[in-house]
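The values are calculated or read from the model by the stated rules, or taken from the named source; none is laboratory data. Just so you know, these numbers come straight off a predicted model, no measurement behind them. Neighbour counts are summed over all protein chains in view; Cβ atoms, including those assigned to glycine, are modelled from backbone coordinates with ideal geometry.
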């Protein structure tokens, strides 16, 4: 607990200021350290959407929209996965009491709170190996909750996002299933279907219907999950069935 509090107090926090048209006006040193100084300098005068890949722009649009919603907490929050980092983003609407005149994007680098360095280094010429998650960050009542990996029974793809089942409850995670697959412990978490990753510790039975395997999840997250034909051989080998 003390170690986590120490890390929390030393979290790198980046700031990016946008004008009312969502163009980048300025940024803090921590934001430059996270994304690279040259990249941040090149973003000045551009819309925040233009600085992200096309597949990520809908997430930025969602953040902006949520920050403008009346009756919310006044900010929107989500997670993003960048090479070897896990970031929490918060978007706050700025104004003078009468109208919006800009936005503040706040970046919390929660990498050290949620993951550990990769066990092995990537081969020469390849991208850096991803850090392994030991806490799973999910959205909960306007904040980011950190779930113990062992409590997670299964994960289901939900578009570009992921639904997480742990302790009988379902949570929203803004990281994609593919991003999570590369960071979860491979000896316990297995991709059994394009839409599902399961925690083998929560598996209770395997069944077969019409040439299709399914695996049952025990406990409060009780669920029967289909196993695709391409993933069935590995699962059968791991379970000895």
* Asked: Do we find a residue being touching a helix residue (DSSP H, G or I) at 6+ places or on another chain (Cβ under 9 Å), free of Cβ contacts under 8 Å to residues at least 40 places away in the same chain and within 29 Å of residue 80 (Cα to Cα) anywhere in the stretch 215-235?
  -> yes
* Asked: Among the residues of the stretch 89-103, is there at least one that is in a loop (DSSP other than H, G, I, E, B) and modelled with pLDDT of 90 or more?
  -> no
* Exclusive hit being free of Cβ contacts under 8 Å to residues at least 24 places away in the same chain, surrounded by fewer than 17 Cβ atoms within 10 Å (Cβ to Cβ) and over 21 Å from residue 113 (Cα atoms), set 209, 194 -> 209
* Asked: Of these, 122, 128, 141, which one is in the same structural domain as residue 190 (by TED's automatic domain parsing), at pLDDT below 85, exposed (fewer than 14 other Cβ atoms within 10 Å of the Cβ) and more than 14 Å from the chain's Cα centre (by Cα)?
  -> 141
* Which members of the stretch 24-48 meet the condition of being in contact with a helix residue (DSSP H, G or I) (Cβ under 8 Å, 6 or more places away or on another chain) and crowded, with 16+ Cβ neighbours inside 10 Å? -> 24, 27, 31, 32, 40, 43, 48
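I need the full set of residues from the stretch 168-206 which are assigned to a strand (DSSP E or B) and under 11 Å from the mean Cα position of the chain (by Cα), in order please.
The answer is 172, 173.
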